[in-house]
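**Student:** Below is the structure I would like to discuss, written out as structure tokens.
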Amino acid sequence: MKAPLHKSRIEDDIRTRAYYGKYIFNSHFLIFLTIAAGVFLYSLLGMLSVMEPNIYLDIIAALLMSFTLLPKYRPLLKEADVLFLPPYEKHMKSYFSSMDRYSIWLGIYLPVIGLVISLLLLRVGHPGWVMVLFAGMSVLLYIMAFLIRRDAVNSPVSRNTVISLLIIIHFASLLSLLIHPAFIILGLLLIGGLYLWIQKKQYKNLDWPEIIDYEASMRQKYYQYVSMFTNVRQASKQYKRRKYFDFLLRRPKAGRFNKDHMYEYLFRRTFLRDNDLPMIILRLLVIFSIVIIWVDQLVLSVIVLLFALYVIVLQMSQLYTAQAYLLWPKVWPVKREYIQDGYIRFSHKMIFMIALLLAALFILLHPVYFYIAAVFPLWGYMLNSYFSKNVYKKERLLSD
């Protein structure tokens, strides 16, 4: 007997996440997470043990929860469903109920981590019952945020508007609760008012094309996240011109229009015109920079920056596999060695510049240990050489 639709869709999604999860949470990443979490908790507890109660800790806790209490709704619908499922809309309550439960648990890890950190911050200056009230309010806001985001998909209200309102309401609700527990009523009124407003805006029937487009965008965002660690075949590649990068794309001189140099230029052009890759690397740099600035601990700074280069090199290696087999070699067929050499020259230059930026940040934070910064360019060069050779090895094995 064939499994119900909701069960098969959820099982397929779990299999996909399990497949990519083994590449994301490999032994290197797990070791990094263990060390980073231990050092972070140790430094955080040490800092809190000497701090006096102040409003800034409350603001940080409320702000942290404001951004983590944003569950994502995943209906797991496909493009073909718009043709077959609308006539059965009234009989799909079981399907959508299962998707609700699956979606709520799917992203529960992020608010749990945020809540643990927030409660550690609130230990300074707040009794236990206030912390319990804060945790209970966070759970309520998480559930209400899910219902609001789910219902907003079937309404004319934009996603950015809903997310912005939820962040503001979460922050105001939790901070006012910490100021005085009686202000919990304010939070209940705000989140309840937003829920009723979205309910009034909802369409009477499901907007199937919009919901399917929403699911496609959520799936694409997941693949973009996974692409930070490994190749994703399902992710669609898009490109756009960023005029502020044009100065980096000067046309090569006449003497460099040859097979020795042009592929390096083409890789640089693809990188700068890629829709996601430059922004992903920029976000990684910002995230890792915030982490080491926040913790400001020598050993953790070194570990985080080395891991940052590891992730960025993985990102760069995808550029070769995505472009070396497409239109370029067909329009301008050359030996694979020329394409490989072009990529190596381009990627080494990119990784060297990124390593210099991270080294400069490390020196600013730990000027006494400036000599350690020399490790980052060397580490980036070694990683890039290794992963490049690994890609070419697979290429040779498949070329016969």
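The values are calculated or read from the model by the stated rules, or taken from the named source; none is laboratory data. Since we're looking at a predicted model, the values are computed, not measured. Using ideal geometry, Cβ is built from the backbone for each residue, glycine included, and neighbour counts are taken over all protein chains shown. SASA here: full protein model, heavy atoms, side chains in, ligands and nucleic acids out. Shrake-Rupley method; radii C 1.70, N 1.55, O 1.52, S 1.80 Å.
**Student:** Residues of the range 378-400 being open to solvent by 30 Å² or more (accessible area, probe 1.4 Å) and at pLDDT 85 or above, which ones?
**Tutor:** Leu378, Trp379, Tyr381, Met382
**Student:** Can you tell me which residue in the range 55-67 is nearest to Asp151 (Cα to Cα), limited to those that are surrounded by fewer than 21 Cβ atoms within 10 Å (Cβ to Cβ) and out of contact with any Phe, Trp or Tyr (no Cβ under 8 Å at 6 or more places or on another chain)?
**Tutor:** Phe67
**Student:** Name every residue in the range 73-107 that is surrounded by 13 or more Cβ atoms within 10 Å (Cβ to Cβ) and either in contact with a strand residue (DSSP E or B) (Cβ under 9 Å, 6 or more places away or on another chain) or in a loop (DSSP other than H, G, I, E, B) (or both), in order of residue number.
**Tutor:** Tyr73, Arg74, Pro75, Leu76, Leu77, Lys78, Leu85, Met92, Gly107
**Student:** Do you know which of the residues in the range 276-290 that are in contact (Cβ under 8 Å) with a residue 40 or more places away in the chain and of a type in the set (Val, Ile, Thr) is farthest from Ile363 (Cα to Cα)?
**Tutor:** Ile280
**Student:** Still on this structure, please answer the following. It is to be established whether one or more residues within the range 138-155 are within 29 Å of Gly38 (Cα to Cα), assigned to a helix (DSSP H, G or I) and hydroxyl-bearing (Ser, Thr, Tyr).
**Tutor:** Yes - at least one qualifying residue is present in the range 138-155.
**Student:** In the range 110-134, which residues are farther than 25 Å from Ala36 by Cα and either basic (Lys, Arg) or open to solvent by less than 30 Å² (accessible area, probe 1.4 Å) (or both)?
**Tutor:** Val130, Phe134 - these are the residues of the range 110-134 that are farther than 25 Å from Ala36 by Cα and either basic (Lys, Arg) or open to solvent by less than 30 Å² (accessible area, probe 1.4 Å) (or both).
**Student:** Here is a follow-up. Starting from residues that are within 18 Å of the chain's Cα centre (by Cα) and among the small types (Gly, Ala, Ser), keep the ones in the range 1-31 and report whichever is modelled with the highest pLDDT.
**Tutor:** Among those residues, the one meeting the criterion is Ala18.
**Student:** What helices (runs of 4 or more DSSP H), lying completely within the range 246-346, carry at least 1 residues that are hydrophobic (A, V, I, L, M, F, W, C), modelled with pLDDT of 75 or more and loosely packed, with under 13 Cβ neighbours inside 10 Å? Show your work before the answer.
**Tutor:** Details: elements: 262-273, 277-295, 298-323, 327-331.
Result: 277-295, 298-323.
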